[in-house]
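Novice: Let me give you the structure first, and then I'll get to my questions.
Throughout, read-outs are computed from the coordinates displayed, never taken from laboratory work. Keep in mind it's a predicted model, so treat the numbers as computed, not measured. Here the Cβ positions follow ideal geometry from the backbone for every residue, glycine too, while neighbour counts run over all protein chains shown.
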Amino acid sequence: MGWNSWNHFAGKVTDTDVRSAADAMVASGMRDAHYEYVNVDDTWQGERDAQGNIHPNSRFPDMKALGDYVHSKGLKFGIYSSPGPKTCAGFEGSYGHEEQDAKIYAAWGVDFLKYDLCGLRQVINLYDPKQDPRKSAAMMRDAYKKMHEALIKTGRPIVYSICQYGVDSVWEWGEEVGGNLWRTTDDISDSYRSMALIGFSQAGLERFAKPGHWNDPDMLEVGNGGMNTDEYRTQMSLWAMLAAPLLAGNDLSKMDDVTKSILMNVEVIAVDQDKLGIQGYRLGPLQTWVRPLADGAKAVALFNFVTDDVPQPITVRFKDLGFKGPVHARDVWAHKDLGIVQDSYTATPPKGGVVMIRLWE
């Protein structure tokens, strides 16, 4: 859980923006809600010196000081690079400097590395001009493993985020190369269509997720303005059902109360962060999702995926969830106990929206 600079600031992010995000994470209560990583995405890099050491550009005068500031707030510090010579935005990547960069990151106090495929494609094309899928896949895996080994060698615990857009079914090998999370999709954008296509496409990937190794459907767009409240609640709910990383991507210093209420819904966060670590699954043809929880309860989310102008009721039968009798129910968005419910539960999610409940015997 945390924040990443890209979705809102993209290539214009500065040291000041990152410090403001850290300040806001504390002042808003996000830190108390267990958000902790403050991650700088692409475009922080400057040039390498004669010894090959990477330096930040003028927008980031002192990365060690920035890391120290983030840590002084009780938070953790994240950074970005690529296994290729250049990053997605054309800045300096880590190709040929993996151990060197890992040591520098550790010295800066980095706690999280997002490692983005973009620039490596040029290298793969150079050495594999005929585009042999097996050869290309092996080169990609080796590149990610190489940085993992470099991070381990530093002796500093650094979360390793593999970002390669689901290429070559990364969920099948991400753990092997040291990934703690791996992107399963292309980049998200701040629209219901993008979010829904990405989120609902995760069905079937649940068997590859477990504590310490997670499917990552990309960052949260909550608060960036491209969706309405119901649609943002849908993203927050679906990501929680998917046991997905919760990395906010908005301007934390300018959040309204609605945005705060979505990002800091402690009951939804509790589902996402459930210690059992089982990713939820889709139940049936409609967008009904179920997630088993550590205390024996089950989280159930009913989504109006098709955004009907006249929303339709959705029913979930308790016997389909493994319950043998009546259950206790609680609406986690309304923060309301629904009492004991017999046999089934029916709700009508709003257009683009969700009803999310917690059920237990």
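Novice: Once you have a ≥ b ≥ c as the square roots of the Cα gyration tensor eigenvalues for the range 2-272, tell me rounded if a/c is under 1.5, and otherwise prolate or oblate according to whether a/b is larger than b/c.
Specialist: oblate
Novice: With the cut-off at 1.5 for a/c, could you classify the range 1-86 from its C-alpha gyration tensor as rounded, prolate or oblate?
Specialist: Prolate is the answer for the range 1-86, as a/c is 1.5 or above and a/b outweighs b/c.
Novice: Would you kindly derive the ³J(HN,Hα) couplings of the range 161-169 from the backbone phi angles with the Karplus curve 6.51 cos²θ - 1.76 cosθ + 1.60 (θ = phi - 60°), listing them in order in whole Hz, with x for Gly and Pro?
Specialist: 9, 8, 10, 9, 6, x, 4, 6, 6
Novice: Figure the gain on full extension for residue 228 and residue 324 (residue separation times 0.36 nm, minus the Cα-Cα span) and round it to one decimal in nm.
Specialist: Extra length from residue 228 to residue 324 when fully extended: 30.8 nm.
Novice: So what are the ³J(HN,Hα) numbers for the range 321-336, from phi and the Karplus equation (6.51, -1.76, 1.60; θ = phi - 60°), rounded to whole Hz, Gly and Pro as x?
Specialist: Once θ is set to phi - 60°, the couplings for the range 321-336 become 9, x, 7, 9, x, x, 10, 7, 9, 9, 8, 7, 8, 7, 6, 9 Hz.
Novice: Sort 243-253, 24-34 by packing, meaning the average of other beta carbons within 10 Å per residue, with the highest value first.
Specialist: 243-253, 24-34
Novice: In debye to the nearest 20, how big a dipole does the chain give about its Cα centre with +1 on each Lys and Arg Cβ and -1 on each Asp and Glu Cβ?
Specialist: Dipole of the chain, to the nearest 20 debye: 600 debye.
Novice: Highest mean first, what order results for 10-22, 311-323 on Cβ atoms within 10 Å?
Specialist: On the way: 10-22: 17.8, 311-323: 14.5.
Top to bottom by mean Cβ count within 10 Å: 10-22, 311-323.
Novice: Specify whether the C-alpha gyration tensor of the range 124-225 places it in the rounded, prolate or oblate class, a ≥ b ≥ c being the square roots of the eigenvalues: rounded for a/c under 1.5, otherwise prolate if a/b is larger than b/c and oblate if not. Let's see the in-between values first.
Specialist: On the way: a/c = 1.88, a/b = 1.32, b/c = 1.43.
The shape class here is oblate.
Novice: A follow-up question, please. To make sure I understand the rule: partners must be lysines, Cα under 22 Å from the Cα of residue 145, and not fewer than 8 residues away in the same chain. Which ones qualify?
Specialist: 86, 103, 114, 135, 153, 210
Novice: Using amide H atoms built 1.01 Å from N in the peptide plane, name the residues 5+ places from residue 5, or on other chains, whose amide H lies under 5 Å from its own.
Specialist: So residue 5 has HN proximity to 39, 41.
Novice: Quick one: length gained pulling residue 168 to residue 100 fully straight, 0.36 nm per residue minus the C-alpha distance?
Specialist: Values: separation 68, 0.36 × 68 = 24.48 nm, distance 2.79 nm.
Stretched out fully, the residue 168 to residue 100 stretch lengthens by 21.7 nm.
Novice: Which far-off residues, 5 or more places away or on another chain, put their amide H under 5 Å from the one on residue 46, with H placed in the peptide plane?
Specialist: Result for residue 46 returns 55, 57.
Novice: Find the relative contact order for the range 2-272 and round it to a whole percent, using C-alpha pairs within less than 8 Å whose residues are 6+ positions apart.
Specialist: Computed over the range 2-272, the figure is 17 percent.
Novice: Here's something else I'd like to know. Multiply the residue gap between residue 286 and residue 340 by 0.36 nm, knock off their C-alpha separation, and tell me the result in nm, one decimal place.
Specialist: 17.0 nm
Novice: Write down the percent of antiparallel bridges among all DSSP beta bridges whose residues are both part of the chain, to the nearest 5.
Specialist: Counting only bridges with both partners in the chain, antiparallel ones make up about 60 percent.
Novice: Same structure again: Find the relative contact order for the range 143-191 and round it to a whole percent, using C-alpha pairs within less than 8 Å whose residues are 6+ positions apart. Write down the numbers at each step before the final one.
Specialist: Numbers: 54 pairs, mean separation 18.7, N = 49.
It rounds to 38 percent for the range 143-191.
Novice: Okay, next question. With an 8 Å Cα cut-off and a minimum separation of 6 or more residues, compute the relative contact order for the range 1-143 in percent.
Specialist: RCO, the range 1-143: 21 percent.
Novice: Same structure again: In nm², what is the average projected area of the convex hull enclosing the Cα atoms of the range 77-141?
Specialist: Taking a quarter of the hull surface, the average projection is 4.5 nm².
Novice: Consider all pairwise Cα distances in the range 281-360 and report the whole-number % of them above 18 Å. Could you put the intermediate results ahead of the total?
Specialist: Values: 1149 of 3160 pairs.
Of the Cα pairs, 36 percent sit more than 18 Å apart.
Novice: Output needed: Cys residues of the chain lacking any neighbouring Cys C-beta below 4.7 Å, sorted by number.
Specialist: Unpaired cysteines in the chain: 163.
Novice: Continuing with the same structure: Output the peptides 296-306, 68-78, 122-132 sorted from most to least packed, where packing is the average of other Cβ atoms within 10 Å over each peptide's residues.
Specialist: Per-residue mean Cβ counts within 10 Å order the peptides as 296-306, 68-78, 122-132.
Novice: I've got another one for you. How large is the helix-only mean residue ellipticity at 222 nm for the chain, computed as the sum of -39500 (n - 2.57) over DSSP H runs with n ≥ 4, divided by its residue count, in deg cm²/dmol to the nearest 500? Please list the in-between numbers first.
Specialist: Numbers: 10 runs with 104 residues, N = 361.
It comes out at -8500 deg cm²/dmol, rounded to the nearest 500.
Novice: Now for a different question. When the chain is modelled as a GNM with alpha-carbon springs shorter than 10 Å, which of 108, 289, 214 fluctuates the most?
Specialist: Ranking 108, 289, 214 by mean-square fluctuation puts 108 first.
Novice: Return the percentage of antiparallel bridges among DSSP beta bridges fully within the range 1-96, rounded to the nearest 5 %.
Specialist: Among the beta bridges of the range 1-96, antiparallel pairing accounts for roughly 35 percent.
Novice: Leaving out same-chain residues fewer than 8 places away, which lysines sit with a Cα under 16 Å from that of residue 319?
Specialist: Once the sequence-local lysines are set aside, what remains near residue 319 is 298.
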